[in-house]
Amino acid sequence: MALNVVILVYSEVEVLDFAGPFEVFSTACRVAIRDRKAQTAPFAVSMVATAREPVRTRGGLMVLPHHALRDAPKADVLIVPGGVVTEPLENPSTIDWIRRSAEPAKIVAAVCTGAFLLGRAGLLDGLTVTTHWEYIADLRRMFPRLTVVDNKAWVDQGKFVTSGGISAGIDMSLYLVGRLLGVDVARATARQMEYRWREEP
């Protein structure tokens, strides 16, 4: 059965923060079937927002989520992208949904400032994390219970994985494909995408 990869989107989300992981997991499905690593698509990838209405991303691209929070599928892999996180940080419904969705998930991953949303949900206390270099000091200040490191594309703490900014979300997502399907599938996915994957963080 396919693993549900659920990606949160919200007003002013960074485009590549959500589109990069979406492309990685979607491409991995095609590659895994083509290379006979799986008989059917190993992932079902969807985007979720507060309502099933167009979302204006950072830069103005409009995207239509597959689900609203209230009817989102159970996430096996939850991806929380970054961007301008002011609105979701102050939205109790969004933070509560993240917290509830993270509980049964196998993997919860943040791209860039998505780490602030996981931090607000209380999911990262005591863990080592990272974010975009520009926001390292802010993350340390806002969430003193976290150990925030820089100069890392991603940090794996088991269930919780955080990554640096923008393109680092692609590297992290390829890494997660490797965790779930094997590094050969991750490498083949990167090659299919014509992407030079940093295999080490």
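The GluC sites (Glu not before Pro) of the range 1-107 that meet both conditions, a loop assignment by DSSP and at most 13 other Cβ atoms within 10 Å of the site Cβ, are 90. If I stretch the segment between residue 30 and residue 191 completely, what's the gain in nm (0.36 nm per residue apart, minus their alpha carbon distance), one decimal? Taking 0.36 nm per residue and subtracting the Cα distance, the gain is 56.7 nm. Heavy-atom surface analysis with a 1.4 Å probe gives the range 1-99 a carbon and sulfur content of 53 percent of its accessible area. Long hydrophobic helices in the chain, taken as whole DSSP H segments with a C-alpha length of 27 Å or more on their own axis and mean Kyte-Doolittle hydropathy at least -0.5: 15-34. Accessible surface for the range 47-201, divided over its residues, is 47 Å² per residue with a 1.4 Å probe. Of all lysines in the structure, those lying under 17 Å Cα to Cα from residue 74, and not within fewer than 8 positions of it along the same chain, are 106, 159. Electrostatic bookkeeping for residue 83 treats Lys and Arg as +1 and Asp and Glu as -1; over the other residues with beta carbon under 15 Å from its beta carbon, the sum is -4. Among the trypsin sites (Lys or Arg not before Pro) in the range 1-51, those placed in a DSSP loop whose Cβ has at most 12 other Cβ atoms within 10 Å are 36. Annotation: the antiparallel percentage among DSSP beta bridges lying fully within the range 1-147 is about 15.
When only Cα pairs under 8 Å and 6 or more residues apart are kept, what is the percent relative contact order across the range 13-70? Once normalised by length, the contact order is 32 percent. Distance between the 7 Å Cα→Cβ label points at residue 179 and residue 1: 2.1 nm.
Just to confirm a number: summing +1 for Lys and Arg and -1 for Asp and Glu over residues other than residue 107 whose beta-carbon lies under 10 angstrom from that of residue 107, what do you get? Net charge in that neighbourhood comes out at +1.
Among the trypsin sites (Lys or Arg not before Pro) in the range 120-171, those placed in a DSSP loop whose Cβ has at most 14 other Cβ atoms within 10 Å are 145, 159. Report the net charge of residues surrounding residue 191, where surrounding means a beta-carbon distance below 12 angstrom and charges are Lys +1, Arg +1, Asp -1, Glu -1. Once positives and negatives cancel, what remains is 0.
The values are calculated or read from the model by the stated rules, or taken from the named source; none is laboratory data. The structure presented is a predicted model; accordingly, all values stated were derived computationally and were not measured. Every residue, glycine among them, receives a Cβ derived from its backbone with ideal geometry; neighbour counts consider all protein chains shown. In case anyone asks, the SASA skips ligands and DNA or RNA and just uses the protein heavy atoms, side chains included. Shrake-Rupley method; radii C 1.70, N 1.55, O 1.52, S 1.80 Å.
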